[in-house]
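The values are calculated or read from the model by the stated rules, or taken from the named source; none is laboratory data. Nothing here was measured: the structure is a model prediction, and the numbers come from that model. Here the Cβ positions follow ideal geometry from the backbone for every residue, glycine too, while neighbour counts run over all protein chains shown.
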Amino acid sequence: MKVTLSENLQEYVWVAEIQQGTSPLVTELVSLPRPETAINLQSSPPLSIHIVPLISRPEPILDVVILEGNPRRLFALGAEQIVSHEFNDGRWVSGEALTIQHVRPFPRDLRGRLVLRKDHLFDAYLPGVVCHSGNSVPLVMNCAASEDPWPLQPEEFVQAGFFAPARNFFTGALAPGIGQQKAAPPFYSAAAIPRGKYVLWSFAGVDGQLHLLDGLTQLTSRARWGSDIAGVHAGCSQTRQVLATSAEDEEGDSLQVFEFPDREPVAVSQRVAVNGRITALWPAPSGEKAIAAYRDAATGNYEAVEISLACSQ
């Protein structure tokens, strides 16, 4: 029997893995509330969240990618266009716009994904449509009907999910799959956590649950997160983290960072409030940052921000 103790700011979690002879492995979870004194004595969380504003506009922002270089370039995915920007005098200046060609109307709660490529600038994934950019000036883009799976994480994880064309979530079917597991429960977003000899995947399920897959087994976590999560990696840490939105909150969304010392997430940052509802959260190509978009509750504009992690002093 293997027993592991994890903790967060509210409770202790004991995880017991029990196996007798050749019988299947049984996992038991027991949680106990932390004493108030233990919470008060808790040192500051090891990581802090840094948010850098990128662009703001009235139209929805589905995803953003930044192409480093001289000058730096940014591409913003919207409902009907991809707009390029250049970084000039400390701000992003919009430039040419590429039209997204599609025959069928998009669903109301539209989502999309931008991915940088090595042989051309980017691919754009929308429900039932994939667009491929060129790699020359002036920039061109071709779009076509497609049911190709969307990349879920940076290329090193080689994992993609099939998006439901008429909805706003992934069906659960995976390509190529996680070990022997070829599907997860239907989900909104996913994040990978490398664990030595395997990768633990977390899925923010359509059912409101956090599901964990390791290639052999599927577990349902006790954690209650929102529908948007992304894998990130603080440069000062040897392990990877998951950035997660809060569960539904009338005051607006918030972000928090978690690590997985075992099969239950442990908070490693304070919550950071966002002045509105997060509409998109994707990992950046490097895997060290994330890109988020939200609708500002005060202005009604859509804001795109870059999120990084730093070790608390």
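Among the residues of region 272-291 satisfying the criterion of being aliphatic (A, V, I, L, M) and touching a residue at least 60 places away in the same chain (Cβ under 8 Å), which is farthest from residue 115 (Cα to Cα)? Please lay out each step first, then the result.
Of all residues in region 272-291, those aliphatic (A, V, I, L, M) come to 272-274, 278, 280-281, 284, 290-291.
Checking the rest, the ones that are also touching a residue at least 60 places away in the same chain (Cβ under 8 Å) come to 272, 280-281, 284, 290-291.
On the way: 272: 27, 280: 14, 281: 13, 284: 9, 290: 13, 291: 12 Å.
Top of the filtered list is 272.
Going by the conditions given, is residue 134 over 22 Å from residue 177 (Cβ atoms), surrounded by fewer than 17 Cβ atoms within 10 Å (Cβ to Cβ) and in contact with a Leu (Cβ under 9 Å, 6 or more places away or on another chain)? In short, yes. Among the residues making up region 35-52, those that are more than 18 Å from the chain's Cα centre (by Cα) and either at pLDDT 95 or above or of a type outside the set (Gly, Ala, Ser) (or both) are 35, 36, 37, 39, 40, 41, 42, 45, 46.
It is to be established whether one or more residues within region 169-182 are buried (at least 16 other Cβ atoms within 10 Å of the Cβ), part of a loop (DSSP other than H, G, I, E, B) and within 15 Å of the chain's Cα centre (by Cα). For region 169-182, residues buried (at least 16 other Cβ atoms within 10 Å of the Cβ), part of a loop (DSSP other than H, G, I, E, B) and within 15 Å of the chain's Cα centre (by Cα): present.
Taking the condition in the same structural domain as residue 160 (by TED's automatic domain parsing), touching a Leu at 6+ places or on another chain (Cβ under 9 Å), more than 21 Å from residue 169 (Cα to Cα) and of a type in the set (S, T, N, Q), does residue 269 pass? When the stated conditions are applied, residue 269 passes them.
Can you give me the ranges of the strands (runs of 3 or more DSSP E) entirely in region 78-134 with at least 3 residues that are closer than 24 Å to residue 228 by Cβ? Can you show your working first?
Working: elements: 81-88, 91-99, 113-116, 122-126, 129-133.
It comes to 81-88, 113-116, 122-126, 129-133.
Could you check, for region 269-281, whether at least one of its residues is in a strand (DSSP E or B) and loosely packed, with under 15 Cβ neighbours inside 10 Å?
From region 269-281, those in a strand (DSSP E or B) are 272-273, 276-281; that's our starting set.
So of that shortlist, the ones also loosely packed, with under 15 Cβ neighbours inside 10 Å come out as 273.
Yes, that holds for at least one residue.
Would you check which residues across region 65-82 are among the acidic types (Asp, Glu) and closer than 12 Å to residue 124 by Cβ and list them? Explain how you work it out, then say what you get.
So the first thing to find is which residues in region 65-82 are among the acidic types (Asp, Glu), and the list is 68, 80.
Within region 65-82, just 80 meets the criteria.
Do the conditions hold for residue 112, that is, is it under 16 Å from residue 164 (Cα atoms), surrounded by 13 or more Cβ atoms within 10 Å (Cβ to Cβ) and among the small types (Gly, Ala, Ser)? Reasoning before the result, please.
Details: under 16 Å from residue 164 (Cα atoms): yes; surrounded by 13 or more Cβ atoms within 10 Å (Cβ to Cβ): yes; among the small types (Gly, Ala, Ser): yes.
Taking the combined requirement at face value, the residue satisfies it.
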